[in-house]
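The structure appears right after this line, and notes come after that.
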Amino acid sequence: MSVNPKIVIIGCGISGIAAAQRLVNSGFNNVRVLEATARSGGRIKTGRLGNNIVEIGANWIHGPSEENPVFCLARNYGLLDPEALDPANQAMDIGGHPPWVPNVFSSSGQKLKAEDIYPAQDMFVELLYESSEFQNKGGEPWASVGDFIWSEVPQRAAEKWKDIDGATRSLRMRVINNLLKAECCVNGAHGMDELGLGAYGLYKTLPGLDCTFPSGYESLIKKLLSELPNGLVAYNRPVCCVRWNNSEQRENPVTVECDDGERINADHVIVTVPLGYLKKHHSTLFHPPLPLQKLHSIQRLGFGTNNKIFVEFDSPWWDADCEVIYLLWEDEDVLLPEISDVQRSWIKKLFGFTVLKPTERYGHVLCGWIAGHESEYMETLSEQEVTHTITQLIRQFTGNPTITPRRILRSQWFHDPWTCGSYSHPGKGCSAQDLENMMEPLPTKGSQSQVSPLQVLFAGEATHPCYFSTVHGALLTGWREADRLITHYSKSKL
Ligand code: 6YU
């Protein structure tokens, strides 16, 4: 066993950086990070829209409180606003649903009263809560969260809203359709029928009212990298193959092959590439191929697209206290499983906008949210086409034909070749075992004793058992895999 093992980390997102940081801090000095692109951060990506900072990828620290390592790091680096540090903020338990002040517009050009949406919103939140409970109860009546919601809404509406007039009922159905689209964004899924009902409750929230980074999420990446030795990260270095179980090389049992032909021998490789990339490239990325158990979990777990469209205006057309704008389509008054014509109607999948706050920092900027195949199609359109469609949409919903955005910027995560989507979710038929399988190192337990252990380790958001799809989840997986190696070497020294 080598005393100064050679460790290669594939990917310089937050999980790769976290693994490198912990290894280096524990005295491992033969560590190298190979990153496919010219930048660090991966799905943490801060951009600019005019003079404003905007987050192309991760937006919030979800649950900023003591248990959240991203919050603790950001606080220690002095990267947060005073409000985020307020203990009252950290104590607030919102259960993943921020209490945003809404403005509601309908496609007929009317602004509705916020109270009008509350009954439908309450029913929807109740159904999501019940969806997350099935895991504990065992044995679920439907395969997916979508199937459960589609079966329950008509029954509950008939029961609870039986004395309500037809127009109000239709409005409430429009609200449910809108919330279904919003929930697709939250979960990074095309439809709620892609989310396994039995596994929905695996995701855990932390207390704290979500907060942002005033200087951008990438300020965290910069701080972390500044503490790593110079030259540790090699950029523009895509890895095309990880050859493990290399029987000819007893010293360094793994060989990492880069696109440029470089071959790097290592004792251990930590793979942090996104699940979307793994789904697409696992067959060429690993030699020998991944064990079937891991492969099946990679296939069962979902990885979908959620994109943002930032839109800047000269002046606001929403209320000063508004935090979210919901767009309700008049013709969506019955439960809709799918948008029927993606190319013509993709914009109908955009549930609305969040308002970038505070205005003094961001100006009058909205962030539109769109998930699924419609979002993937949007990525293929030119910026002019997207601007035109967004302008028409806003004019229609406000009834004001003169509103004209100053500029827009959209993300394109599905067509990013190193990500292939946005983030993971538990698909139909998933269980906690799939996330266990994702994080299991190679060779797997039970392999022959003469084989070198811990050759290939797996980190990244999609390998966290309950914080998948988040930055804190990803960070913890990097630390977890570094700790696995640190423990291994501390035991082997004894
Ligand atoms: C969060 C939030 N947030 C919005 C949007 C996105 C994401 N997330 P990385 O991909 O970062 O790194 C891998 C690197 O590997 C990368 O640099 C590649 O270039 C490189 N690579 C790939 N192939 C390679 C190769 N062959 N060779 C070498 N290098 C290679 N998270 O906490 N708050 O507000 C959001 C949001 C639009 C796209 C987010 C958010 C997700 C995080 O961004 C993401 O998890 C981490 O950054 C991933 O880090 P990583 O290191 O793993 O990979 C049931 C139920 C579920 C409920 N879920 C609700 C959760 C809510 C999640 N919310 C997200 C929402 C937003 C808005």
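When N counts the residues of segment 307-358, how does its alpha-carbon radius of gyration compare numerically with 2.2 N^0.38 Å, as a ratio?
Expressed relative to 2.2 N^0.38 Å, the Cα Rg reads 1.38.
Taking square-rooted eigenvalues a ≥ b ≥ c of the alpha carbon gyration tensor, is segment 426-494 rounded, prolate or oblate, where a/c under 1.5 means rounded and, failing that, a/b exceeding b/c means prolate?
oblate
Please report the Cα spread of segment 54-121 along all three principal axes, rounded to whole Å, starting with the longest.
49, 27, 18
Per Stokes-Einstein, at 10 °C and 1.306 mPa s, what whole-number D in µm² s⁻¹ belongs to segment 85-141, with the Kirkwood radius over Cα pairs as the hydrodynamic radius?
110 µm²/s
By per-residue mean of other Cβ atoms within 10 Å, what is the highest-first order of 477-485, 200-208?
The peptides rank, most packed first, as 477-485, 200-208.
For all pairs of alpha-carbon atoms in segment 190-244, what percent lies in each bin of width 5 Å, listed from the first bin to the last filled one?
Whole-percent P(r) values from 0 Å outward: 4, 10, 10, 11, 12, 13, 20, 14, 6, 0.
Which value in Å is the Kirkwood Rh of segment 376-478 over different Cα pairs?
For segment 376-478, the Kirkwood estimate is 17.6 Å.
What does segment 305-437 give for Rg and for Dmax, in Å, if only its C-alpha atoms count?
Spelled out, the Cα radius of gyration and Dmax of segment 305-437 are 16.6, 54 Å.
When ranked by the protection proxy of mean other Cβ atoms within 10 Å per residue, highest first, what sequence do the peptides 270-277, 312-319 form?
Ranking the peptides 270-277, 312-319 by packing returns 270-277, 312-319.
From zero outward in steps of 5 Å, how is the percent of C-alpha pairs of segment 156-264 spread across the bins?
2, 8, 8, 8, 9, 11, 12, 12, 9, 5, 4, 4, 4, 2, 1, 0
When only Cα pairs under 8 Å and 6 or more residues apart are kept, what is the percent relative contact order across segment 295-429?
42 percent
Can you tell me what the convex hull of the Cα atoms of segment 211-356 projects to on average, as an area in nm²?
15.7 nm²
Antiparallel DSSP bridges in the chain: what percent, to the nearest 5?
Percent antiparallel among DSSP bridges in the chain is about 65.
Could you tell me the convex hull volume per residue, in Å³, taken over the Cα atoms of segment 1-138?
Value for segment 1-138: 250 Å³ per residue.
Can you check what the Kirkwood hydrodynamic radius comes to for the chain, Cα pairs only, in Å to one decimal?
23.9 Å
Once phi is turned into ³J(HN,Hα) by the Karplus curve 6.51 cos²θ - 1.76 cosθ + 1.60 with θ = phi - 60°, what whole-Hz value does each residue of segment 401-412 show in order, with x for glycine and proline?
Per residue, the Karplus-derived 3J(HN,Hα) values read x, 9, 4, 9, x, 6, 7, 10, 8, 10, 8, 9 Hz.
Could you tell me what % of all Cα pairs in segment 200-295 have separations over 21 Å?
55 percent
First select every other residue whose beta carbon is under 13 angstrom from the beta carbon of Ser170; then total the charges, Lys and Arg +1, Asp and Glu -1.
So the environment of Ser170 carries a net charge of -3.
Using the 10 angstrom Cβ neighbour count as an exposure proxy, how do Ile17, Ile44, Ile486 rank, fewest first?
Ranked by crowding around the Cβ, least crowded first: Ile486, Ile44, Ile17.
When the C-alpha atoms of segment 35-89 are aligned to their principal axes, what extent does each axis show, in angstrom, from largest down?
So the extents along the principal axes, rounded to whole Å, are 38, 28, 18.
Tell me, what is a quarter of the convex hull surface for the C-alpha atoms of segment 78-186, in nm² with one decimal?
With every direction weighted equally, the projected area is 10.1 nm².
Which order, highest average first, do 347-357, 27-37 follow once you tally other Cβ atoms within 10 Å for each residue and take the mean per peptide?
347-357, 27-37
Out of residues 5 or more away from Val33 or on other chains, whose amide H comes under 5 Å of its own, with H placed 1.01 Å from N in the peptide plane?
For Val33, whose amide H was placed from the backbone, the distant partners under 5 Å are Ile9, Val233, Ala234.
Measure up Lys223/Lys357; Lys279/Lys348; Lys280/Lys428; Lys308/Lys357 against 21 Å on the Cα-Cα distance and list the ones that go over.
Lys223/Lys357; Lys279/Lys348
Can you tell me what percent of all Cα-Cα pairs in segment 220-274 are more than 12 Å apart?
72 percent
List every residue whose amide H lies under 5 Å from the amide H of Asp93, counting only residues 5 or more places away in sequence or on a different chain, with H placed 1.01 Å from N in the peptide plane.
Gly208
Here, each number is a calculation from the coordinates, and none is a lab measurement. The shown structure was predicted, so the numbers you read here are calculated from the model rather than taken from an experiment. Positions of Cβ are generated from backbone atoms using ideal geometry, with glycine treated the same way; all protein chains shown enter the neighbour counts.
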